[in-house]
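Written below as structure tokens is the structure these notes are about.
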Amino acid sequence: PHQSRIFSGMQPTSDSLQLGNYLGALTQWVALQEEHDAIYCVVDLHALTVSPDPSVLRDRTRRTAAQYLAAGVDPERSILFVQSQVPEHAELAWLLSCHTGFGEANRMTQFKDKSGKHGTEGTTVGLFTYPVLMAADILLYDTTLVPVGEDQRQHLELTRDLAQRLNSRFGPDTVVVPEPHIVKATAKIYDLQDPTAKMSKSAESPNGLIELLDDPKVVAKRIRSAVTDAEREIRFDPEGKPGVSNLLTIYSALTGREIPALEADYAGKGYGDLKVDLANVVVDFLTPFQARVHGYLSDPASLDAVLSDGADRAQELARGTLERLYDRSGL
Ligand code: ADP
Ligand code: NA
């Protein structure tokens with residue numbers, strides 16, 4: 001029995017996570033594992049929806065896990081595993097898909113966004129049922145809290161609707177209805193070249209991205225080239241000065257210094273000074289982070305052993321939930 005259980009995951013869809021994933025998600029995961037029973041997953045089944053090259057996917061799955069570890073996810077304290085190693089995810093997704101209305105799934109706006117460009121004729125059923133697999137990920141572990149960004153709110157609502165449906169059909173103790181955990185203090189990081197768009201690993205151009213595994217020289221150059229504004233004042237004003245505010249957010253998040261203190265430090269100084277100092281702050285963070293990632297990647301046998309141990313522990317929990325649901329479903 002646990003008071004609260006956290007589940008979260010990221011797709012292994014790129015070689016490197018970006019700074020927004022780190023500041024917006026991974027640092028929260030690391031903090032949450034102190035107080036909660038936490039399960040962190042590399043959701044490789046979800047990544048199949050973008051038809052990755054098999055060897056690229058396998059490599060990115062390991063790299064993503066190594067970045068979780070380097071950020072401080074502790075595999076002793078938390079469960080860290082790869083989704084496809086616990087087949088109960090796919091099994092529960094099927095069961096849930098038989099309780100999901102077609103119209104209900106069809107209202108998911110992320111599917112419309114992701115398939116929109118090509119029209120539904122050119123897309124896959126997997127992309128369409130992605131939110132059902134996500135619901136399975138969460139419900140398998142009797143999750144109480146799901147740390148998510150605003151973009152995942154609708155998918156979590158579907159998860160809650162499905163959970164309530166199962167409970168009214170099969171009994172109130174069938175599954176736990178999870179709550180979203182939208183972390184308010186979380187830094188939202190914006191693209192360096194378009195500071196009104198969120199930084200994303202799927203951005204069209206890499207120039208506004210800070211990738212955690214990029215060459216520090218490239219990162220420093222991107223920070224020095226960040227878009228600011230025509231004023232000279234270093235002031236936190238996300239509406240009026242999104243570029244400068246984004247730089248201050250990153251600076252504050254990586255150093256722990258409050259933004260007003262940073263504004264005071266830079267009173268009378270120029271944007272160039274801020275950028276040079278921030279580039280140093282980011283490089284000082286990235287250098288040891290990358291060394292840790294490369295340490296994990298240079299010993300794939302140990303990394304695989306950590307993941308396989310995590311999968312065993314996850315499966316034990318998942319099996320119990322799935323058996324309960326199979327039994328109540330007449331299977
Ligand atoms: P990406 O857009 O880089 O592909 P994902 O959609 O896979 O990111 O999100 C993975 C996690 O990182 C989520 O918890 C999401 O809320 C968080 N995240 C992604 N981008 C940012 C950002 N720019 N700022 C803060 N958090 C972010
Ligand atoms: Na994404």
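Things to note:
- More than 35 Å apart - percent of Cα-Cα pairs taken over the chain: 26 percent
- Inter-part distance where the range 48-89 and the range 172-240 are each reduced to a Cα centre, Å: 23 Å
- Cα gyration tensor category, rounded, prolate or oblate, for the range 178-287 with a/c compared to 1.5: rounded
- Residues of the range 64-106 with amide N under 19 Å of a point placed 7 Å along Cα→Cβ from E157: 100-106
- Ranked by the mean number of other Cβ atoms within 10 Å of their residues, highest first, the peptides 28-39, 280-291 come out as 28-39, 280-291.
- For the range 73-175: rounded, prolate or oblate by the Cα gyration tensor [a/c cutoff 1.5]: oblate
- Inter-part distance where the range 99-170 and the range 1-28 are each reduced to a Cα centre, Å: 18 Å
- Projected label distance in nm at T109 and V177, using a 7 Å step from Cα toward the beta-carbon: 2.3 nm
- Student exercise, the chain dipole from Lys, Arg, Asp, Glu Cβ charges, in Debye to nearest 20: 460 debye
- Full extension of the chain between K221 and A261 yields a length gain of 11.9 nm, computed as 0.36 nm times the residue separation minus the alpha carbon distance.
- The order of the peptides 241-247, 312-318 by mean Cβ neighbours within 10 Å, most packed first, is 241-247, 312-318.
- Remark on the range 229-277: ratio of C-alpha radius of gyration to 2.2 N^0.38 Å is 1.00.
- Given their separation in residues at 0.36 nm each and the Cα-Cα distance between them, R165 and E204 gain 10.1 nm when the chain is fully extended.
- Shape call, the range 114-248: gyration tensor on alpha carbons, a/c limit 1.5: prolate
- Packing around the peptides 133-145, 149-161, taken as the average count of other Cβ atoms within 10 Å per residue, puts them in this order, highest first: 133-145, 149-161.
No lab work stands behind these numbers, since they all come straight from the coordinates. Computed from a predicted structure; not experimentally measured. Cβ coordinates were reconstructed from backbone atoms using ideal geometry, including for glycine residues, and neighbour counts include every protein chain displayed.
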